[in-house]
Amino acid sequence: MSRAGYCDDIDQWALIRWRGQVASSIRGKRGQAFLLELIAALDALPKKALIAEDLQDGANVCAIGSVGVQRGIDMSKLDPQDPGALSIAFGIAEPLVREIEFMNDEAHWNETNAHRWRRMRSWAIENLTPENAKGATR
(Lines give C-alpha, C1' and ligand atoms only; values in the text may rest on other atoms or scores of the structure.)
Protein backbone atom coordinates (compact mmCIF):
# COMPACT_ATOMS: atom_id res chain seq x y z
CA MET A 1 0.00 0.00 0.00
CA SER A 2 1.08 3.54 -0.68
CA ARG A 3 2.15 6.17 1.80
CA ALA A 4 -1.16 7.93 1.08
CA GLY A 5 -3.10 4.76 1.89
CA TYR A 6 -5.05 4.93 -1.37
CA CYS A 7 -6.17 1.66 -2.91
CA ASP A 8 -8.18 0.47 -5.91
CA ASP A 9 -10.59 -1.60 -3.81
CA ILE A 10 -13.15 1.02 -2.78
CA ASP A 11 -16.92 1.19 -3.09
CA GLN A 12 -18.21 3.88 -5.48
CA TRP A 13 -20.10 5.78 -2.77
CA ALA A 14 -17.15 5.58 -0.40
CA LEU A 15 -14.98 7.04 -3.17
CA ILE A 16 -17.47 9.84 -3.77
CA ARG A 17 -17.56 10.67 -0.05
CA TRP A 18 -13.75 10.53 0.15
CA ARG A 19 -13.25 12.85 -2.83
CA GLY A 20 -15.70 15.26 -1.16
CA GLN A 21 -13.61 15.20 2.01
CA VAL A 22 -10.46 15.86 -0.01
CA ALA A 23 -12.12 18.75 -1.88
CA SER A 24 -13.39 20.22 1.38
CA SER A 25 -9.96 19.97 3.02
CA ILE A 26 -8.38 21.74 0.04
CA ARG A 27 -11.00 24.52 -0.11
CA GLY A 28 -11.05 25.14 3.64
CA LYS A 29 -9.18 27.91 5.44
CA ARG A 30 -6.42 25.61 6.76
CA GLY A 31 -6.03 23.89 3.40
CA GLN A 32 -5.73 27.13 1.47
CA ALA A 33 -3.26 28.53 3.98
CA PHE A 34 -1.20 25.34 3.69
CA LEU A 35 -1.20 25.48 -0.13
CA LEU A 36 0.07 29.07 -0.03
CA GLU A 37 2.73 28.02 2.46
CA LEU A 38 3.60 25.02 0.27
CA ILE A 39 4.12 27.22 -2.78
CA ALA A 40 6.40 29.54 -0.80
CA ALA A 41 8.31 26.57 0.67
CA LEU A 42 8.79 25.02 -2.77
CA ASP A 43 10.05 28.33 -4.12
CA ALA A 44 12.48 28.62 -1.19
CA LEU A 45 14.13 25.26 -1.85
CA PRO A 46 17.71 25.77 -3.04
CA LYS A 47 17.38 22.76 -5.33
CA LYS A 48 14.08 22.72 -7.21
CA ALA A 49 13.48 18.99 -6.79
CA LEU A 50 11.31 16.75 -4.62
CA ILE A 51 11.78 13.18 -3.44
CA ALA A 52 9.07 10.54 -3.11
CA GLU A 53 8.17 8.14 -0.30
CA ASP A 54 9.78 10.09 2.56
CA LEU A 55 9.54 13.50 4.20
CA GLN A 56 13.26 14.17 4.15
CA ASP A 57 16.43 12.43 3.08
CA GLY A 58 19.37 14.62 3.96
CA ALA A 59 18.86 17.92 2.15
CA ASN A 60 16.14 16.44 -0.07
CA VAL A 61 12.45 16.67 0.81
CA CYS A 62 8.99 15.80 -0.47
CA ALA A 63 6.27 18.46 -0.88
CA ILE A 64 5.09 18.25 2.73
CA GLY A 65 8.71 18.06 3.85
CA SER A 66 9.43 21.39 2.17
CA VAL A 67 6.92 23.02 4.52
CA GLY A 68 8.49 21.16 7.44
CA VAL A 69 11.90 22.61 6.58
CA GLN A 70 10.42 26.13 6.36
CA ARG A 71 8.74 25.68 9.76
CA GLY A 72 11.84 24.17 11.35
CA ILE A 73 10.08 20.89 12.17
CA ASP A 74 12.31 17.97 13.16
CA MET A 75 10.96 15.50 10.61
CA SER A 76 13.14 12.65 11.88
CA LYS A 77 10.55 12.28 14.63
CA LEU A 78 7.67 11.94 12.14
CA ASP A 79 6.57 8.76 10.39
CA PRO A 80 5.93 9.54 6.69
CA GLN A 81 3.61 6.50 6.65
CA ASP A 82 1.29 7.97 9.34
CA PRO A 83 -1.04 10.54 7.75
CA GLY A 84 -2.87 11.06 11.05
CA ALA A 85 0.31 12.11 12.84
CA LEU A 86 1.35 14.31 9.89
CA SER A 87 -2.09 15.92 9.97
CA ILE A 88 -1.54 16.92 13.59
CA ALA A 89 2.09 17.98 13.08
CA PHE A 90 1.25 20.22 10.11
CA GLY A 91 -2.18 21.41 11.27
CA ILE A 92 -4.10 20.24 8.21
CA ALA A 93 -6.85 17.71 7.59
CA GLU A 94 -5.80 14.09 7.10
CA PRO A 95 -7.48 13.88 3.65
CA LEU A 96 -5.23 16.74 2.51
CA VAL A 97 -2.13 14.97 3.84
CA ARG A 98 -3.11 11.81 1.95
CA GLU A 99 -3.87 13.72 -1.25
CA ILE A 100 -0.54 15.57 -1.18
CA GLU A 101 1.31 12.31 -0.50
CA PHE A 102 -0.49 10.64 -3.40
CA MET A 103 0.18 13.53 -5.75
CA ASN A 104 3.83 13.71 -4.67
CA ASP A 105 4.55 9.97 -4.78
CA GLU A 106 2.19 8.29 -7.23
CA ALA A 107 0.40 10.68 -9.56
CA HIS A 108 3.07 10.28 -12.25
CA TRP A 109 5.59 7.53 -12.91
CA ASN A 110 9.14 7.76 -14.16
CA GLU A 111 9.58 11.45 -13.58
CA THR A 112 12.64 13.27 -12.37
CA ASN A 113 12.73 14.96 -8.98
CA ALA A 114 12.87 18.32 -10.78
CA HIS A 115 9.73 17.47 -12.76
CA ARG A 116 8.00 16.42 -9.52
CA TRP A 117 8.83 19.85 -8.06
CA ARG A 118 7.30 21.66 -11.06
CA ARG A 119 4.22 19.41 -11.06
CA MET A 120 3.58 19.77 -7.33
CA ARG A 121 3.97 23.54 -7.47
CA SER A 122 1.51 23.70 -10.38
CA TRP A 123 -0.88 21.38 -8.52
CA ALA A 124 -0.82 23.64 -5.45
CA ILE A 125 -1.51 26.75 -7.55
CA GLU A 126 -4.32 25.01 -9.45
CA ASN A 127 -6.00 24.13 -6.15
CA LEU A 128 -6.03 27.65 -4.76
CA THR A 129 -9.39 29.39 -4.58
CA PRO A 130 -9.70 32.42 -6.89
CA GLU A 131 -9.19 34.89 -4.02
CA ASN A 132 -6.00 33.11 -2.91
CA ALA A 133 -4.72 32.58 -6.45
CA LYS A 134 -4.44 36.36 -6.93
CA GLY A 135 -1.42 36.46 -4.64
CA ALA A 136 0.27 33.32 -5.99
CA THR A 137 2.73 33.60 -8.83
CA ARG A 138 2.80 31.14 -11.67
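The values are calculated or read from the model by the stated rules, or taken from the named source; none is laboratory data. Nothing here was measured: the structure is a model prediction, and the numbers come from that model. Cβ sites come from the backbone with ideal geometry, for glycine too, and all protein chains shown count toward neighbours. Ligands, DNA and RNA are stripped out before the accessible areas are found, and what is left, the full protein with its side chains, is counted by its heavy atoms. Shrake-Rupley method; radii C 1.70, N 1.55, O 1.52, S 1.80 Å.
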Pair residue 77, residue 106: separation of 7 Å Cα→Cβ label points (nm): 2.9
Surface accessible to a 1.4 Å probe, per residue, for the residues of the chain, Å²: 55
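For the range 75-138, what D do you get in µm² per second when you plug the Kirkwood radius from alpha-carbon pairs into Stokes-Einstein at 10 °C and 1.306 mPa s?
Working: Rh = 13.2 Å.
Here the translational diffusion coefficient equals 120 µm²/s.
Give the carbon-plus-sulfur fraction of the accessible surface of the chain in %, rounded to a whole number; probe 1.4 Å, heavy atoms of protein chains only.
Details: 3910 of 7550 Å².
C and S fraction of accessible area: 52 percent.
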Under 22 Å from the Cα of residue 29 - lysines, other chains or at least 8 residues apart: 134
5 Å-binned pair-distance histogram of the chain (Cα, whole percent): 2, 10, 21, 24, 22, 14, 5, 2, 0
Segment residue 85-residue 18, extension gain: residue separation times 0.36 nm, minus the distance between their alpha carbons: 22.2 nm
Nearest-20 debye value, the chain charge dipole, Cβ charges on Lys, Arg, Asp, Glu: 700
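What value, in deg cm²/dmol to 500, does the helix sum -39500 (n - 2.57) over DSSP H runs of n ≥ 4 give at 222 nm once divided by the residues of the chain? Intermediate values should be presented prior to the final figure.
Working: 7 runs with 79 residues, N = 138.
Theoretical 222 nm ellipticity from helices: -17500 deg cm²/dmol.
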Lys/Arg +1, Asp/Glu -1 at C-beta; the range 64-138 dipole; positive extreme among 102, 113, 87: 113
